[in-house]
Each structure stands twice: as C-alpha cells, then as structure tokens.
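In what follows, a structure is listed as structure tokens, so that the remarks can point back to it.
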Amino acid sequence: MRITRLSIRDFRNIRELELEPWDGVNIIYGNNAQGKTNLVEAVYLLTGQKSFRQTREGDLVRFGQPRGEIAARFFCQGREQEARLTLEGGKRAASLNGLPAAVGELTGRFFAVVFSPTELSLIKDGPSQRRAFLDGAISQVMPRYVRTLADLTRVIFQRNSLLSDMIRNPSLDEALLEVWDRSLARLSYSIINARCRYLARLDPFAREIYRGISGGKEELSLKYQCSIPGEWGRLGEAEGEARILEALAGSRRDDLKNGYTTLGPHRDDLELLVDGISARAYGSQGQQRSCALTLKLAECRVIREVAGEDPVILLDDVLSELDKTRRDYFLSGLMPGQLFITCCDRAGFGSVREGVTWRIKEGALAGKRRLAKRPARGEPPGQPPRPPTKEKTA
Ligand code: ATP
Ligand code: MG
C-alpha cells in the first residue's frame, strides 16, 4: 500500500501540514525538535494502534487546541481509500472512506511498521516489550485479535481483584475463582495459539533476513516461551483449555499468596536465539540491533504474505545507527513499499537511487527536493525517472 496524500492538523507541534509523498523513499530532515517524529507518529496512528511512544492521548493534540486531525488518502487492496482520525478530549474517532468507523477498524486496513531508536529495547528489555511487538504485529494481520486481547486483560484484572479480596478476607469461597479460570483458559488458549501460529509464519522470514544481515554467518531462531508448558500451536482447543485450567489449579496457592495471576499469556515471552544462544542475555549491541531490525522486516513480510500489501515503512532516526550494508538495504530501492525516513540532515543518502526530500521546521514542511534517479550497478545509464504510479480507482 502507499499514501498518496497526507493531511495533519493540530497534531503535536504540527499546525497544518499537507504532503503528497513519493511512492518510494521520502526523506524528512530537520533539526532536533522540529516535528520529524511527530509526523511519523501521525502516520502510524492511522493503523488504529496506540502510539509507539509512551504518551497520553491528550498530549497528541497541539497545545491550546481542542482537537487534532490526521487524514490520509492511500492506495490499498486495489483501490484508493481514505482514513481519518480525529483526536479530541483524550479520545479518538475514526472514519474510513467517508463513513464513521471504530478506531480499531483502521487496523488491518492501513498498514505501517515503525522502526525507532527505542527498538533496541525490544531485545534488551523485559518480556513485555516483546509481547507488545507480537500483539501489535498480530493485530495488523488479524484485527479480531485486538478484541480477544482486551477481553483477556479485563479477565485478568478481575481475577486479580478477587485474589486480593481473598487475601484480605480468607472466608471467601475459592470456588468463586473457577468462573474466572474458565474465561481465562478460553481466552488464554486463543491468544497463545494465535501467537504461536504467527511465530510459525514469522520465523522463516526472520531466519532468511537475519542470515542476509549477518552475511550468512549467523542463524536466528524464534521461540515462544509459554509460562504454561505444552505443545502450543499443535494442541487443539479443548485439550489446550484443559491444560491451562490444570495449570491454573496448580498455581492457585501461589496466586492466592501473591494476589495476582502468576501464569498465562501475560507472563509469556518471545525468545530470540542467535546460533542457539539468547540474544537478550548474550548478544552484542550489533547483534541485538540486527535482531530488532529483523523482527520488524519479517513483520513486513508477513503483512505482505497475509494481506498482499507492503506496509508503509517508517524509519524514525534510525539510519545513522545502521552500518552501511543495512542502511543501503533501505535506501537502494530494493526494499518494497513506501518509506518515510527521518533524520537530522540529508548527508548519508548517497545510495538513494530516487526519492524526495523535505525539510521540516517548526512543524511545517519546506524545501521539497527530488533526488534524481541514478543508475544502479549493472543498469544502463540514462533511464527516465520513475513517475509515481497512478493506479485506477476501483
Ligand atoms: P529529534 O531530532 O530530537 O528527534 P524531532 O524533530 O523528531 O526531534 P519531535 O519529537 O517530532 O521532534 O517533537 C517536536 C516538538 O513537538 C517538541 O519540541 C515537542 O515539545 C513538541 N510537542 C510535543 N507534543 C506537543 C503538543 N501536544 N503540542 C505542541 N507541541 C508539542
Ligand atoms: Mg525525533
């Protein structure tokens, strides 16, 4: 998919911005604090997911303004479409192709994958980051997953409240927990199963990409680490739910002692192994960065496989962190799909074969420049520049 027009109003420090992006590489450059990440964040929010920044909803609207708006015309699934997001009073509202829609309906209709400097924490930090990666990635290709996940969070919250009440009041009947255990088993099975099935799709792409990044020297493998032992991904629903119920019964003493649910998908992890060794515990900085990059690139491949669309790729300030080989991978035009790349200056874009650069200053765009097409190695010189593709609307 690709964005043909982007309009932003009163979002963060952006008062009003209109952009007709290039089909391929779009470079947004400018000094610190000018609005580069804000622009990337605005595009990402059109996926219907939460921001990749730790932020409060109310902070998204430009200070002093009542509401903000992000809209994009985009070409996806063979036709021109339009997504719109309105931010007001700490809440979001959406519309899709002119009709009001739940914000979650944008998920699975508008695809984007973001790479930002915080991505290293995906490998280095605790399991919650990796669960968030998995959950976000699954949601884009399986939008109903979002609902199951929200139900799971609610059930765990209620079960935990009951556990705390039981600690305070030991006369409460333990049988009360069984109602929550049954709901928890059903939802946990759905989530674990979806995560394992997603990983089975992601793993071959991740292996291939990592092999390429490491020059064929290292092998990456992904493993779902479930807090409840079992052949997950292969167990049927009834058997899986029974296994979870059994595990919950086994951990009840611990749960009652701690006042929270100690087993379940909210405690699971995704393990990344480089040549069989944990990248989190033993990986070098470079290996960890390669792993993070690989996960995101593999996510793009799964979106393409499932939805038949290449997501919009948002590279926020990460290019300077990559070595030349990895940087060229993005800039050479070999990467399918539309790219938005932010950076402080335009230096270092020698390998961009064609694209457009914009300067951003105080939340406004200026100085659009076309990067002329230069011949790739082995290609005869003097080819005409590639015009932006114009597909017919359905
Ligand atoms: P860097 O190169 O340092 O990453 P950047 O260009 O990516 O900078 P942004 O993160 O996009 O900068 O932020 C630009 C400015 O937006 C910041 O100075 C920030 O204070 C401001 N900002 C954030 N939220 C709001 C808001 N709700 N209203 C107005 N300005 C805001
Ligand atoms: Mg930034």
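Annotations
- When Gly24, Gly48, Gly35 are checked against the criterion of being away from ligand 1 (no atom under 11 Å from the Cβ) and at positive phi, a single residue qualifies: Gly48.
- Counting only residues that are within 30 Å of Leu297 (Cα to Cα), surrounded by fewer than 20 Cβ atoms within 10 Å (Cβ to Cβ) and in contact (Cβ under 8 Å) with a residue 12 or more places away in the chain, the range 150-185 holds 2 of them.
- Which numbered condition Gly264 fails, given (1) away from ligand 1 (no atom under 16 Å from the Cβ); (2) surrounded by fewer than 20 Cβ atoms within 10 Å (Cβ to Cβ): (2)
- Ala71 being within 16 Å of ligand 2 (Cβ to nearest atom), modelled with pLDDT of 95 or more and not basic (Lys, Arg): no
- Odd one out for Phe115, checked against (1) over 18 Å from Gly136 (Cβ atoms); (2) within 16 Å of ligand 1 (Cβ to nearest atom); (3) buried (at least 23 other Cβ atoms within 10 Å of the Cβ): (1)
- If you check Ile191, Ile209 for being at pLDDT below 95 and part of a helix (DSSP H, G or I), only one passes: Ile209.
- Enumeration of residues in the range 168-182 that are touching a Leu at 6+ places or on another chain (Cβ under 7 Å) and within 15 Å of Ser251 (Cβ to Cβ): Leu177, Trp180, Asp181
- Among all positions in the range 10-18, there is no residue which is more than 12 Å from ligand 1 (Cβ to nearest atom), at pLDDT 95 or above and closer than 23 Å to Arg301 by Cα.
- Single residue of the range 70-90 satisfying the filter (charged (D, E, K, R) and under 21 Å from the mean Cα position of the chain (by Cα)) that is nearest to ligand 1 (Cβ to nearest atom): Arg84
- Of all the criteria given as (1) without any contact (Cβ under 8 Å) to a residue 60 or more places away in the chain; (2) under 14 Å from the mean Cα position of the chain (by Cα), the one not satisfied by Arg131 is (1).
- For the range 20-32, the set of residues classified as in contact with an Asp or Glu (Cβ under 9 Å, 6 or more places away or on another chain) and near ligand 2 (Cβ under 10 Å from one of its atoms) consists of Gly30 only.
- Tabulated pairs, the range 38-63, first modelled with pLDDT of 95 or more and among the polar types (S, T, N, Q), second assigned to a loop (DSSP other than H, G, I, E, B) and more than 13 Å from ligand 2 (Cβ to nearest atom), C-beta under 8 angstrom, 6+ apart or interchain: Thr47/Thr107; Thr47/Phe110; Thr47/Phe111
- Every test in (1) more than 16 Å from ligand 1 (Cβ to nearest atom); (2) in contact with a strand residue (DSSP E or B) (Cβ under 6 Å, 6 or more places away or on another chain); (3) over 19 Å from Ala112 (Cβ atoms); (4) charged (D, E, K, R) is passed by Arg359 save one, and that test is (1).
- Selection within the range 151-179 - under 19 Å from Glu246 (Cα atoms), hydrophobic (A, V, I, L, M, F, W, C) and outside any loop (DSSP other than H, G, I, E, B): Leu152, Val155, Ile156, Leu163, Leu176, Leu177, Val179
- Test: residue in the range 33-53 that is part of a strand (DSSP E or B) and either over 20 Å from Leu339 (Cα atoms) or within 16 Å of ligand 2 (Cβ to nearest atom) (or both): no
- Restricted to the range 259-331, the set of helices (runs of 4 or more DSSP H) holding at least 2 residues that are at pLDDT below 95 comprises 285-307, 324-331.
- Criterion applied to Arg195, Arg147 was being within 25 Å of the chain's Cα centre (by Cα), surrounded by fewer than 20 Cβ atoms within 10 Å (Cβ to Cβ) and not hydroxyl-bearing (Ser, Thr, Tyr), and the one residue passing it is Arg147.
- Some residue of the range 244-254 being surrounded by 14 or more Cβ atoms within 10 Å (Cβ to Cβ), free of Cβ contacts under 8 Å to residues at least 60 places away in the same chain and assigned to a loop (DSSP other than H, G, I, E, B): yes
- If only residues of the range 305-319 that are closer than 19 Å to Glu41 by Cα and not charged (D, E, K, R) are counted, the one that is farthest from ligand 2 (Cβ to nearest atom) is Pro311.
- Considering Leu295, Leu315, Leu319, the condition of being under 28 Å from Arg109 (Cβ atoms), within 16 Å of ligand 1 (Cβ to nearest atom) and in contact with a strand residue (DSSP E or B) (Cβ under 9 Å, 6 or more places away or on another chain) is satisfied by Leu315 alone.
- Criterion: away from ligand 2 (no atom under 16 Å from the Cβ), crowded, with 17+ Cβ neighbours inside 10 Å, of a type in the set (A, V, I, L, M) and not in a loop (DSSP other than H, G, I, E, B) - qualifying residue of Leu85, Leu17: Leu85
- Residue that is nearest to the chain's Cα centre (by Cα), among those in the range 212-229 that are assigned to a strand (DSSP E or B) and more than 30 Å from Lys324 (Cα to Cα): Tyr224
The values are calculated or read from the model by the stated rules, or taken from the named source; none is laboratory data. These figures come from a predicted structure and were not determined experimentally. Don't worry about glycine lacking a Cβ; one is built from the backbone with ideal geometry, like all the others, and counts go over all protein chains shown.
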